[in-house]
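Below is one structure, written out as structure tokens, with a few remarks after it.
The values are calculated or read from the model by the stated rules, or taken from the named source; none is laboratory data. Not measured: the values here are computed from a predicted model. No Cβ is skipped: glycine too gets one built from the backbone with ideal geometry, and neighbour counts run over all protein chains shown.
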Amino acid sequence: MKNGVDAEQQSTRAGTTNETASPARRWQKYAQISGWGMYVPHQVVPNERFVELGLDTSNEWIATRTGIERRRVVGDHEATSDMAVRAAKDALRVADMHPNELDLILIATCTPDHIMPSTAALVQDRLGAKNAGAMDLNAACAGFVYALSTGVSYIESGRAKNVLVVGADELSTHLDWKDRSTCVLFGDGAGAVVLHASDEPGVMATTMGSDGSGAGLLTIKAGSRNRQHGARHKNNGKNGTNGAPAMSDDYYLRMNGPQVFRWATQMMARAAEKVITSSGLTVGQVDLFIPHQANARILETTARRLGVPIEKVFSNLKDYGNTSAASIPIALCEAIQSGRVKAGDNLVLASFGAGLTWAALAMRWGVAVDMQVSRWKPLGRGVEERVAAVRSVSRRLGWRVRGEIDKRFRKDDDGK
Ligand code: COA
């Protein structure tokens, strides 16, 4: 790769056998998606709303230049973890899996609830997934495929059997609603999958790459570097009086749209091509291509470059806009719900985002999508969710009680 780092994750898996004797066998597992779920907020913002807000734009411009007709936006009391939990619960339900069976929770997001703790830790607690490690991963809009590749690696190496991968973002919080070149593009949502170790393929190939020289093309600048700059500038060299970061323009998403556009159409096609070749497929054998949902014209150009007919490209852009890390898992869920995915199909996912980052993945869809969750299971799940909530409350209370005891009775850090 001329620009950036190209971290090809995995070579050809299609056609290999799983008959190698132990101990090598533990390296021979495939990762299969066994559950999926999505959540989008209730609040719908149609294109016309931007005109009502006084922006110099029109439904016609937005629809024809982007393919977006409406998007969903979080309510006042909704955060990324809330959406992630909703999507995750659905994915676990479809996989018929108890949260205790999860070994790892990966949340792809660039809009976490907090800088710390991670959103993944909050989701772990809300699910009651007491045996799972939990971490966030930020590769912006490419984050879900990055996280999926990471989960796949854990499973293939034998270090995890069940991994929950969620893409969740609420970029609406970081939009400048006066900037017509960005605010019309994004929406909020979450999508999740459960990855499970299987003897059958499975994910066949993944690739991911980055090129930080393009960092300035798409940014939300807030962070430690910009806190210092902001504070110096605003307070004449002193930190803010309460030490708080300077809330400023740095919290808004800024983008060079045309440059991102040109780069994205090249990069997504290249990344997709790479995983198709690595998995031993031809472009003609791809049954469904699910690209990151950013702009209908990017999707069309990418498909043309790749040689995939547009009928094989899934798009739900018109309903949700660009939901960042959530766009691919939401699209996957809707593709499944609309009957576009069946067992044995070859699926290719490709994404790009701020960083700059990109990632792609090729997989053979392994599970029947019409499986029914038995009647008592939703009931059982309801009970489990309540148990998780009670567990969370009692553990939080436990931390407080221990804190009080420490304060009153213990003098030294070592508890003497
Ligand atoms: N309504 C009306 N006019 C708009 C507008 C809007 N919402 N947004 C931009 N324009 C205007 C511009 O100001 C410009 O006007 P000018 O010619 O008077 O300067 C004109 O439309 C053309 O702007 P340009 O930026 O060249 O348009 P474009 O066709 O490239 O479309 C994007 C702009 C942002 C839709 C497009 O570049 C894009 O989708 N880029 C990729 C963005 C992306 O995917 N980001 C997410 C990455 S994960």
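When residues of region 171-206 are filtered for being small (Gly, Ala, Ser), surrounded by fewer than 23 Cβ atoms within 10 Å (Cβ to Cβ) and either away from the ligand (no atom under 16 Å from the Cβ) or at positive phi (or both), how many remain?
Pass one, region 171-206, residues small (Gly, Ala, Ser): 172, 181, 187, 189-192, 197-198, 202, 205.
Retained after the next criterion (residues that are surrounded by fewer than 23 Cβ atoms within 10 Å (Cβ to Cβ)): 172, 181, 197-198.
Remaining after also requiring either away from the ligand (no atom under 16 Å from the Cβ) or at positive phi (or both): 197-198.
So the answer is 2.
Against the condition surrounded by fewer than 21 Cβ atoms within 10 Å (Cβ to Cβ) and at positive phi, how does Gly257 come out, does it pass?
Working: surrounded by fewer than 21 Cβ atoms within 10 Å (Cβ to Cβ): yes; at positive phi: no.
No: the conditions fail for Gly257.
Sort out which residues of region 207-222 are within 14 Å of the ligand (Cβ to nearest atom), among the small types (Gly, Ala, Ser) and either under 20 Å from the mean Cα position of the chain (by Cα) or closer than 11 Å to Phe352 by Cβ (or both), and write them in order of number. Answer for region 207-222, where residues must be within 14 Å of the ligand (Cβ to nearest atom), among the small types (Gly, Ala, Ser) and either under 20 Å from the mean Cα position of the chain (by Cα) or closer than 11 Å to Phe352 by Cβ (or both): Ser210, Gly214, Ala215.
When you scan region 246-255, do you find a residue that is in a helix (DSSP H, G or I), within 14 Å of the ligand (Cβ to nearest atom) and either farther than 16 Å from Thr219 by Cβ or modelled with pLDDT under 95 (or both), even just one?
Just the residues of region 246-255 that are in a helix (DSSP H, G or I), to begin with: 249-251.
From the residues that got through so far, the ones that are within 14 Å of the ligand (Cβ to nearest atom) too are none.
Within region 246-255 (the criterion being in a helix (DSSP H, G or I), within 14 Å of the ligand (Cβ to nearest atom) and either farther than 16 Å from Thr219 by Cβ or modelled with pLDDT under 95 (or both)), the answer is no, since none of the residues qualifies.
Among residues that are of a type in the set (A, V, I, L, M), touching a Phe, Trp or Tyr at 6+ places or on another chain (Cβ under 8 Å) and over 28 Å from Ala222 (Cβ atoms), Ala91 is included.
Given the structure, is Ala142 buried (at least 24 other Cβ atoms within 10 Å of the Cβ) and out of contact with any helix residue (DSSP H, G or I) (no Cβ under 7 Å at 6 or more places or on another chain)? Step through it out loud before you land on a result.
Numbers: buried (at least 24 other Cβ atoms within 10 Å of the Cβ): yes; out of contact with any helix residue (DSSP H, G or I) (no Cβ under 7 Å at 6 or more places or on another chain): yes.
Criteria met by Ala142.
Taking the conditions exactly as written (within 27 Å of Tyr252 (Cβ to Cβ), surrounded by fewer than 19 Cβ atoms within 10 Å (Cβ to Cβ) and polar (S, T, N, Q)), does Thr119 satisfy them or not? Considered against the rule, which asks whether it is within 27 Å of Tyr252 (Cβ to Cβ), surrounded by fewer than 19 Cβ atoms within 10 Å (Cβ to Cβ) and polar (S, T, N, Q), Thr119 comes out as no. Within region 39-69, the residues that satisfy the criterion of being within 16 Å of the ligand (Cβ to nearest atom), surrounded by 18 or more Cβ atoms within 10 Å (Cβ to Cβ) and not in a loop (DSSP other than H, G, I, E, B) are Val45, Phe50, Ile62, Thr66. Filtered by the rule that a residue be in a helix (DSSP H, G or I), within 28 Å of Val275 (Cβ to Cβ) and either out of contact with any Leu (no Cβ under 7 Å at 6 or more places or on another chain) or within 16 Å of the ligand (Cβ to nearest atom) (or both), region 124-153 gives Ala140, Cys141, Ala142, Gly143, Phe144, Val145, Tyr146, Ala147, Ser153. Taken over region 264-300, the criterion of being more than 16 Å from the ligand (Cβ to nearest atom), farther than 21 Å from Glu334 by Cα and in contact with a Leu (Cβ under 7 Å, 6 or more places away or on another chain) is satisfied by Glu273, Val275, Val283.
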